[in-house]
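Shown next, in structure tokens, is the structure this report addresses.
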Amino acid sequence: MFNDIGPLELITLVVLAVLVFGPDKLPKVIQDVMRTVRKIREFSESAKQDIRSELGPEFKDFEFEDLNPKTFIRKQLDNDELGLKEIRNGFDLKKEMAEVTDSVHSTDTSTSSSSGGRIDMTKKPDEPGKDDRPPFDADAT
């Protein structure tokens, strides 16, 4: 629950609690907070058990965490029926990006095409001759 609180933040919270509640009332406040947290957990667990009993035996393996969209999608993607693991494991993004970068910069890679030729992707402007006039559009004037 508090995985992202660092040691400095924890010390700051303790010092702030001592300043606000005082050293003599702090143990009582901690006990009250812990009692409230326990009651909330008990209420939550009893509500989950009531919902499971109302749903019936066909939903005995139902988990409330599955209602979280992130968890649901992760669970579906880890399912082997779709064959997504092979696709995900067969795709190396760093290698693909390196090949694209090398192609753009016109460097040769170890997986070049079978013809062995290099594709020149640089844009070369067409230089019109000195006597060539640009196209004239009568409707534009």
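When VAL20 is tested against (1) open to solvent by less than 90 Å² (accessible area, probe 1.4 Å); (2) among the aliphatic types (A, V, I, L, M); (3) at pLDDT 85 or above, just one condition goes unmet, and that condition is (1).
Summed over the stretch 78-104, the residues that are over 24 Å from ASP66 (Cβ atoms) and either open to solvent by less than 80 Å² (accessible area, probe 1.4 Å) or at pLDDT below 85 (or both) give a count of 14. The residue of the stretch 105-119 that is modelled with the highest pLDDT, among those that are among the β-branched types (Val, Ile, Thr) and open to solvent by less than 80 Å² (accessible area, probe 1.4 Å), is THR107.
Taken over the stretch 33-52, the criterion of being farther than 30 Å from ALA17 by Cβ and surrounded by 11 or more Cβ atoms within 10 Å (Cβ to Cβ) is satisfied by ALA47, LYS48, ILE51, ARG52. Each residue in the stretch 12-35 was checked for being within 39 Å of the chain's Cα centre (by Cα) and not hydrophobic (A, V, I, L, M, F, W, C), and 4 pass.
The values are calculated or read from the model by the stated rules, or taken from the named source; none is laboratory data. Just so it is clear, the model here is predicted, and its values are computed rather than measured. Heads up, the Cβs are rebuilt from the backbone with ideal geometry, glycines too, and the neighbour counts pull from every protein chain shown. The area values use the complete protein model at the heavy-atom level, side chains included, leaving out ligands, DNA and RNA. Shrake-Rupley method; radii C 1.70, N 1.55, O 1.52, S 1.80 Å.
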